[in-house]
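Asks: The structure is given below, and queries will be raised subsequently.
The values are calculated or read from the model by the stated rules, or taken from the named source; none is laboratory data. Treat the numbers as computed from the prediction; the structure is a model and nothing was measured. Cβ coordinates were reconstructed from backbone atoms using ideal geometry, including for glycine residues, and neighbour counts include every protein chain displayed.
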Amino acid sequence: MTTRSRIAQAAFDLAEPVVSQMGFDLVDVEYKKEGSAYFLRVYVDRQGGINIDDCEMVSKALDVIFEKSLSADPDYFEVSSPGLTRPLKTPRDFLRCVGEQIDVKFFQARDGVKNIVGVITEVTEDKLILEAEGNQVEVRFPEIASAKRVIRF
């Protein structure tokens with residue numbers, strides 16, 4: 001589970017229903033200081049990805065809400081795609097990647113193996129099923145230290 005600052009969590013709570021109603025998934029929100037400026041970044045995605053027009057549409061919708069209801073006044077507000085290589089953290093992240101190959105690293109080795117590469121075939125609230133080397137492998141979310149898409153060009 002992602003740990004957010006108080007302001008980032010407030011922005012997440014305000015943005016989630018709006019972003020969802022627009023047909024996107026709210027992946028994360030961060031509020032951080034970089035140099036002397038404060039940045040509020042909202043990361044959205046959906047199956048098949050998003051484009052710059054999608055980001056602009058979400059930005060316009062959230063700007064009004066944040067101006068009115070958010071206690072912080074960041075210097076910069078951005079809406080962005082989380083990127084292809086970002087870590088997968090929530091069941092929703094894994095759901096967006098069904099049918100894609102991922103690399104999972106475990107906290108503790110399973111049968112002497114510290115990571116596995118496979119295609120996501122199913123995701124539930126507490127686990128995912130991978131097709132790896134011809135076998136179905138069940139992985140519970142608490143076992144996962146990190147997971148990322150495998151990108152091949």
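Asks: Could you check Arg41 against (1) buried (at least 18 other Cβ atoms within 10 Å of the Cβ); (2) under 26 Å from Asp126 (Cα atoms) and say which number it fails?
Replies: Among (1) buried (at least 18 other Cβ atoms within 10 Å of the Cβ); (2) under 26 Å from Asp126 (Cα atoms), the lone unmet condition for Arg41 is (2).
Asks: Also, I was wondering about something else. Of the conditions (1) among the small types (Gly, Ala, Ser); (2) at pLDDT below 95; (3) more than 30 Å from Ser146 (Cα to Cα), Ala61 satisfies every one except a single condition; which number is it?
Replies: With respect to (1) among the small types (Gly, Ala, Ser); (2) at pLDDT below 95; (3) more than 30 Å from Ser146 (Cα to Cα), Ala61 is out only on (2).
Asks: Next question. Within region 79-96, can you find the residues that are assigned to a loop (DSSP other than H, G, I, E, B), within 14 Å of Ile50 (Cα to Cα) and not small (Gly, Ala, Ser)?
Replies: Across region 79-96, the qualifying residues are Pro82, Leu84.
Asks: I'd like to verify a number: residues in region 1-27 that are touching a residue at least 60 places away in the same chain (Cβ under 8 Å) and charged (D, E, K, R), how many?
Replies: Adding up the residues that qualify gives 1.
Asks: Does at least one position in region 46-57 carry a residue that is surrounded by fewer than 15 Cβ atoms within 10 Å (Cβ to Cβ), touching a Lys or Arg at 6+ places or on another chain (Cβ under 6 Å), in contact (Cβ under 8 Å) with a residue 24 or more places away in the chain and not assigned by TED's automatic domain parsing to the domain that holds Phe141?
Replies: Looking through region 46-57, at least one residue is surrounded by fewer than 15 Cβ atoms within 10 Å (Cβ to Cβ), touching a Lys or Arg at 6+ places or on another chain (Cβ under 6 Å), in contact (Cβ under 8 Å) with a residue 24 or more places away in the chain and not assigned by TED's automatic domain parsing to the domain that holds Phe141.
Asks: Let me ask you something else. Which one of Glu100, Glu122, Glu78 is within 19 Å of Glu30 (Cβ to Cβ) and either assigned by TED's automatic domain parsing to the domain that holds Val42 or in contact with a strand residue (DSSP E or B) (Cβ under 8 Å, 6 or more places away or on another chain) (or both)?
Replies: Result: Glu78 is the single residue among Glu100, Glu122, Glu78 that is within 19 Å of Glu30 (Cβ to Cβ) and either assigned by TED's automatic domain parsing to the domain that holds Val42 or in contact with a strand residue (DSSP E or B) (Cβ under 8 Å, 6 or more places away or on another chain) (or both).
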